[in-house]
Amino acid sequence: MRGKVFKGIISFNHYCKECHINFEEDKIGDGATWISTFLLCLLSIPLALFINFYLNVSLLTLFLLMTVVILILTTILLRLTRYLLLKKIIKLENEKKK
């Protein structure tokens, strides 16, 4: 994949103009969402505990801070996992063709 994969923050383009690959979202399904949610939990729970115990912030501050962190991490992780799953699926399809 050499062309632009994403048309927005996390949504795919329909087609790559350079390598002529059709990005069908139904190939990935909900896998990227499940993986992103799992990774988000692995990262955000220890971070919240660290902030709560070592920085000793109020509950409202912790809630607001973790809301921002979760929104940013969700966008990054979902985009990354969707790209990696798409790349893996395209690689498997190319191996089947050979």
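The residues on offer are L92, L60, L40, and the sole one that is free of Cβ contacts under 8 Å to residues at least 60 places away in the same chain and more than 30 Å from K7 (Cβ to Cβ) is L60. Residues in the stretch 65-87 that are surrounded by fewer than 17 Cβ atoms within 10 Å (Cβ to Cβ), hydroxyl-bearing (S, T, Y) and within 21 Å of F50 (Cα to Cα): T67 alone. Selection of the stretch 64-83 for residues being β-branched (V, I, T) and under 10 Å from the mean Cα position of the chain (by Cα) yields T74, T75, I76, T81. Any chance the stretch 44-51 includes a residue that's in a helix (DSSP H, G or I), modelled with pLDDT of 85 or more, of a type in the set (G, A, S) and over 29 Å from K4 (Cα atoms)? Scanning the stretch 44-51 turns up at least one residue that is in a helix (DSSP H, G or I), modelled with pLDDT of 85 or more, of a type in the set (G, A, S) and over 29 Å from K4 (Cα atoms). The residue of the stretch 7-35 that is modelled with the lowest pLDDT, among those that are in a helix (DSSP H, G or I) and among the hydrophobic types (A, V, I, L, M, F, W, C), is A32.
The values are calculated or read from the model by the stated rules, or taken from the named source; none is laboratory data. Everything quoted here is computed from the prediction, not taken from an experiment. Note: ideal-geometry Cβ built from the backbone for every residue, glycine included; neighbour counts use all protein chains shown.
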